[in-house]
Amino acid sequence: MYFDKNEFLNDFEYLLRTEGTDAEHADTRTLYNALSKAVMAKVFCDWEKSGRRATRRCGYFSAEFLVGRAIFSNLLNLGILQDIREVLAVRGIDINRFEEVEDAALGNGGLGRLAACFLESAATQNIPLDGYGLRYRYGLFRQTFEDGCQKELADDWLKWGDPWSVRKEEERVRVDFADFSVYAVPYDTPVIGYKSGVINTLRLWQSEPIHPFDFDKFDAMRGEEIARENFNATEITAVLYPNDNTEEGKILRLRQQYFLVSASLQSILRKQKEGGRYATNLCERVVLQLNDTHPVLAVPELIRLLEKDGIPFETAFEICRKIFRFTNHTIMGEALEKWRGETVKSILPEIWTVIGKIQARLEKEGLDKEKYYIVKDGTVHMANLAVYVCGAVNGVAQIHTEILKRDVFKDWHAWDENKIANVTNGITPRRWFLLNNPKMAAEITARIGQGWETDLPELKKLAAYIDDPVFRERFVSIKRENKRRLADHIRDHEGVDIPEHFIFDVQVKRLHEYKRQLLNALSVLYIYNELKSGNLPDFKPTAFIFGAKAAPGYYLAKAIIKFINGIAELVNNDETVTDKLRVAFIRNYNVSYAEKIVCAADVSEQISMAGMEASGTGNMKFMLNGTVTLGTLDGANVEICEEAGKENNYIFGATVDEVATVKKSYDPKKILEKNPKLKKAVESLIDGTFEGGRDELKAVYDSLLSGADADKYLVLYDFEDYILTKLYLNAEYGSETFTTKCLVNMTNAGKFSADRSVKEYAEHIWNI
Ligand code: 26W
């Protein structure tokens, strides 16, 4: 891309004038929009070219794309971040002002962020991958706390404008439901590869009424009808469902899913028709990756569309097998989507008919009906539909894929043992290292040269510097600087002071029982009690930093937030421990906050019960930034240990096999009997230690000790090993050994680049 600073400054200032302002007077929003639009004007040409380059492309169908803030990452990838910083400085504008711009949070967590990383990596690696998703009016809720309880606020991300997208009015399509129809209007966003010249597309669909304003109806005073049509249409893409890992068979969600896949398929088919080629040739040019079950209605919808064009069912089915691929992201039963047949039938009757045909085809294969079904007892099982039809299915980390084969999809695996494959997740090292940790990146480049940014295993060359005192000193002091920056941010935003010499022990991720924030919380209380009793004289000062959103309807998750906020208040207001202990629950954890956190952490807590976390990707971000993992042998932690050595991390707890054994005869009460200090920490939930939230805390207590499923996630079982490992880490912190462990992790993070993941998909799954 051609770039000239003076020319750019002219463009930028011209755009400001069209808004009736100038660089000196414009507010952040106006500056942001003018700057972004000026950059957009520069990329159009390359964008156009990239779109025409490949004959075979992959479409990544996903209900979520958690892209975060676009501006810095786009400038970095275009190679003009420094230039723009200077151009702005000429007019007295500090580029960091744009940190005010809110994230596009069109996703819940891991699955949505993975989709965003994959798009960036694909563009960087010149892989023709386009995203297809939904343009939610409101993204994931903003979180605040009131009396320690989570409160949700609407995420009005569009108030900043959306200068990185282009509305493609002429490419709109109609989507029909049984009861009404709507338009789907695409907004295309460029996905800019890192210094690759390649720009792919993220296409997000917005729902709109067919008759924006119907004069006939208006004249006939049928205002209510107009309002109803407007509501029906805009409602579909109004808001992102905030559930992560729990299924909630809501009709509106079904509409969203169908809207996404119908619009995307129609626009893809339309392009194939334009090229004078169609249907059967589709298989040569298009492959579609289904990101979990959310877009799986694409399967019957494609069959429906092909049948309409005169292609027989069986041929259409074979086309689907060639075109569709499916990724599973969780083994949690409650997250495997199911739809009532009656619901599907009433809203999408033609889809219901096609699903019936697929079920009939499955029955003809002569398999055991108890094991192989798509519709059973009037319920549609979306994962089974995906596994039956898609040409390939994958899990997201080795251990997860093994569990899919052995357990979740065991019968399907027996039916076709070549269908299930593994592609371990990855993260983009551009956003998660170059951008958020530029000083460390510069130190690395100074030693091993450029190239590692797009070939992350090159980091292994750093092995030669791990014992170099100068390099070690640089690592420690840059980490210290990052910690200071995070501490400033936390002080300004959360009102908690964290001295930079404290150990920054961090757990940030969605709140879920299986992720066991409660285990961490209990350990903090335990340490607090021990400090008060004078039992931990050598304990090194530690700040426990939490960040997590709970699904609004997830009672226990919210109760755990309340509990942790209670602990924070107790600890932070107790002068007898201020020099040893701080607790901060940061508000509204999101992508931009994560960028500040992962380069400043000393400890990365990845403590899910073994077998539960499909992969995790936060774990990779911390590792890459030179942070040790305090974790279980779960998800990608297993592979982190393979790469960096188990001895260089702090691994504890029951393994997948042990979990299975323990669960056969588990009595959490017995654990408390044997461990009075743990018992004290647990009983603080009910003994009046905390004011307020009595019912919530009691519910947390009961989840550990009452009923047949008490302590489902073995919090109490794993506690002892956890606290010992945590204290062992605390003892090692600050030593040369500890610094070496950090560096060994950074050096061996190469495998976890999303560049590697997308290349594996391209080669083994997409055949691109
Ligand atoms: C229908 C409700 C629902 C919502 C979200 C069901 C399932 C989900 C996702 C599958 C949850 C999710 O984000 N899973 C995470 O995916 C990441 C990317 O592969 C993994 O790293 C995480 O381990 C996994 O929890």
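The values are calculated or read from the model by the stated rules, or taken from the named source; none is laboratory data. Predicted model only: the values in this text are computed from it and were never measured. Here Cβ is always computed from backbone atoms with ideal geometry, including for glycine, and neighbour counts include all displayed protein chains. What goes into the accessible areas is simple: the full protein's heavy atoms, side chains included, and nothing from ligands, DNA or RNA. Shrake-Rupley method; radii C 1.70, N 1.55, O 1.52, S 1.80 Å.
Quick rundown of the values:
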quantity	calculated
Residues satisfying the stated conditions in region 663-679, i.e. assigned to a loop (DSSP other than H, G, I, E, B) and either more than 30 Å from residue 738 (Cα to Cα) or hydrophobic (A, V, I, L, M, F, W, C) (or both)	665, 666, 667
Count - residues of region 23-50 that are within 13 Å of residue 93 (Cα to Cα), open to solvent by 40 Å² or more (accessible area, probe 1.4 Å) and among the hydrophobic types (A, V, I, L, M, F, W, C)	0
Within region 648-662, considering residues that are assigned to a helix (DSSP H, G or I) and either more than 25 Å from the chain's Cα centre (by Cα) or closer than 25 Å to residue 477 by Cβ (or both), the one nearest to the ligand (Cβ to nearest atom)	659
Flag if residue 2 is without any contact (Cβ under 8 Å) to a residue 60 or more places away in the chain and more than 16 Å from the ligand (Cβ to nearest atom)	yes
Spans of strands (runs of 3 or more DSSP E) in region 66-150 with at least 1 residues within 15 Å of the ligand (Cβ to nearest atom) and touching a helix residue (DSSP H, G or I) at 6+ places or on another chain (Cβ under 9 Å)	104-106, 129-134
Residues within region 305-338 that are within 16 Å of the ligand (Cβ to nearest atom) and under 23 Å from residue 266 (Cα atoms), tallied	3
Qualifying residue in region 339-358 (condition: open to solvent by 10 Å² or more (accessible area, probe 1.4 Å) and within 16 Å of the ligand (Cβ to nearest atom))	yes
Filtered residue count, region 213-224, keeping only those that are without any contact (Cβ under 8 Å) to a residue 12 or more places away in the chain and either buried (at least 19 other Cβ atoms within 10 Å of the Cβ) or not basic (Lys, Arg) (or both)	8
Of all residues making up region 264-293, the number that are closer than 12 Å to residue 60 by Cα and within 16 Å of the ligand (Cβ to nearest atom)	4
Residue 194, sole failed condition from (1) within 16 Å of the ligand (Cβ to nearest atom); (2) assigned to a loop (DSSP other than H, G, I, E, B); (3) modelled with pLDDT of 95 or more	(1)
Residue check, residue 57 more than 23 Å from residue 289 (Cα to Cα), modelled with pLDDT of 95 or more and either among the charged types (D, E, K, R) or within 16 Å of the ligand (Cβ to nearest atom) (or both)	no
Residue tally, condition of a type in the set (S, T, N, Q) and either touching a Phe, Trp or Tyr at 6+ places or on another chain (Cβ under 6 Å) or open to solvent by 40 Å² or more (accessible area, probe 1.4 Å) (or both), over region 656-683	2
Flag if residue 232 is surrounded by fewer than 23 Cβ atoms within 10 Å (Cβ to Cβ) and at positive phi	no
Residues that are open to solvent by less than 60 Å² (accessible area, probe 1.4 Å), assigned to a helix (DSSP H, G or I) and of a type outside the set (A, V, I, L, M), drawn from region 3-22	8, 11, 12, 13
Filter result for residue 30 (of a type in the set (Ser, Thr, Tyr) and either within 16 Å of the ligand (Cβ to nearest atom) or in a loop (DSSP other than H, G, I, E, B) (or both))	no
Positions within region 500-516 being within 20 Å of residue 582 (Cα to Cα) and out of contact with any Phe, Trp or Tyr (no Cβ under 7 Å at 6 or more places or on another chain), in sequence order	500, 501, 502, 504, 506, 509
Failed item, numbered, when residue 429 is tested on (1) in contact with a strand residue (DSSP E or B) (Cβ under 6 Å, 6 or more places away or on another chain); (2) away from the ligand (no atom under 16 Å from the Cβ); (3) open to solvent by 50 Å² or more (accessible area, probe 1.4 Å)	(3)
Count of residues meeting criterion [surrounded by fewer than 24 Cβ atoms within 10 Å (Cβ to Cβ) and not in a loop (DSSP other than H, G, I, E, B)] in region 526-542	7
Matching entry among 323, 319 (being touching a strand residue (DSSP E or B) at 6+ places or on another chain (Cβ under 8 Å) and hydrophobic (A, V, I, L, M, F, W, C))	323
Residue in region 626-647 that is farthest from the ligand (Cβ to nearest atom), counting only those that are part of a helix (DSSP H, G or I) and either under 13 Å from residue 747 (Cβ atoms) or among the hydroxyl-bearing types (Ser, Thr, Tyr) (or both)	644
Number of positions in region 362-401 that are within 16 Å of the ligand (Cβ to nearest atom) and either loosely packed, with under 15 Cβ neighbours inside 10 Å or of a type in the set (S, T, N, Q) (or both)	5
Index of the failed condition, residue 297 passing every other in (1) touching a helix residue (DSSP H, G or I) at 6+ places or on another chain (Cβ under 9 Å); (2) over 14 Å from residue 261 (Cα atoms); (3) within 16 Å of the ligand (Cβ to nearest atom)	(2)
Within region 235-263, considering residues that are surrounded by 19 or more Cβ atoms within 10 Å (Cβ to Cβ) and more than 20 Å from the chain's Cα centre (by Cα), the one nearest to the ligand (Cβ to nearest atom)	254
Matching entry among 741, 751, 712 (being within 30 Å of residue 391 (Cα to Cα), buried (at least 16 other Cβ atoms within 10 Å of the Cβ) and not aromatic (Phe, Trp, Tyr))	751
Any chance residue 230 is in contact with a Pro (Cβ under 7 Å, 6 or more places away or on another chain) and either within 29 Å of residue 350 (Cβ to Cβ) or not in a helix (DSSP H, G or I) (or both)	yes
Candidate set: region 402-420, residues that are assigned to a helix (DSSP H, G or I) and charged (D, E, K, R); chosen: the one most open to solvent (accessible area, probe 1.4 Å)	406
Flag if residue 509 is in contact (Cβ under 8 Å) with a residue 12 or more places away in the chain, surrounded by fewer than 18 Cβ atoms within 10 Å (Cβ to Cβ) and under 30 Å from residue 635 (Cα atoms)	no
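Per-residue answers, yes or no, for (1) touching a Gly at 6+ places or on another chain (Cβ under 9 Å); (2) of a type in the set (D, E, K, R):
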| residue | (1), (2) |
| --- | --- |
| 234 | no, no |
| 244 | yes, yes |
| 248 | yes, yes |
| 260 | yes, no |
| 273 | no, yes |
| 283 | no, no |
| 289 | yes, no |
| 293 | no, no |
